[in-house]
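Colleague: One structure is given below, represented as structure tokens, and several questions about it will come after.
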Amino acid sequence: MEKDLETLIREFTNLRVWAVVGASTNPAKYGNRIFRTLRDAGYKVYGVNPGGGEIDGRALYPSLASLPEKPQVVDLVVPPQVTEQVVQECAALGLTRVWMQPGSESEAAIRYCQEQGIEVVHDACAMLHRRDWGD
């Protein structure tokens, strides 16, 4: 039985280790704002950007495979064509939860996740649904 969006959002936001794919060094970009919002709420957040760089002194990693630990949730802030590639990387790495930020989703990527047993949230913004861990 497939879980409804509310259940998935609650389950995802109760997990603390996230990767933001499309994290940006530009403070005006959503990839930067989402990274900082989650970090400030108490999540352990890894930024992924093939171009490298850093956000507030925290290095960005070139890929999901290069992260020091497996994220519990992969948050995508990239164009739909890139999302379609990243969900394949998630499947190859055994990552089972993907959050597609508004504008990053595609029907093909959503369908791929469902076929691979990857739980997926889309049409919802992690900044609005995050938990505040307060510690």
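Read-outs throughout are calculated quantities, based only on the coordinates presented, and are distinct from any laboratory measurement. All values derive from a computational prediction rather than experimental measurement. Here the Cβ is made from the backbone with ideal geometry for all residues, glycine too, and neighbour counts use every protein chain on show.
Colleague: Return the long-range amide H neighbours of TRP99 (sequence gap of 5 or more, or a different chain), with a cut-off of under 5 Å between placed amide H atoms.
Modeller: Residues meeting the criterion, in which the H sits 1.01 Å from N, are VAL74, ASP75, LEU76, VAL121.
Colleague: Another one. For the range 1-37 and the range 49-105, write down the distance between their C-alpha centroids in whole Å.
Modeller: Cα centres, the range 1-37 to the range 49-105: 10 Å.
Colleague: Provide the gained length on full extension for the span ARG111 to GLN85, in nm with one decimal, where the gain is 0.36 nm per separating residue minus the Cα-Cα distance.
Modeller: 8.1 nm
Colleague: Whole-Hz Karplus ³J(HN,Hα) for the range 121-128, in order, using 6.51 cos²θ - 1.76 cosθ + 1.60 and θ = phi - 60°, x for Gly and Pro?
Modeller: Each residue of the range 121-128 in turn: 10, 9, 6, 8, 9, 4, 5, 7 Hz.
Colleague: Percent of Cα-Cα pairs per 5 Å bin, from 0 to the last occupied bin, for the range 1-97, please list those.
Modeller: In order of increasing distance, the bins hold 3, 14, 24, 25, 20, 10, 3, 1, 0 percent.
Colleague: Which residue fluctuates the most in the chain, going by a Gaussian network model with Cα springs under 10 Å, if the choices are PRO68, PRO80, PRO50?
Modeller: The residue with the greatest mean-square fluctuation here is PRO68.
Colleague: What FRET efficiency would be calculated for the residue pair ALA59, LYS3, taking the C-beta separation as r and a Förster radius of 30 Å, to the nearest 0.05?
Modeller: 0.30
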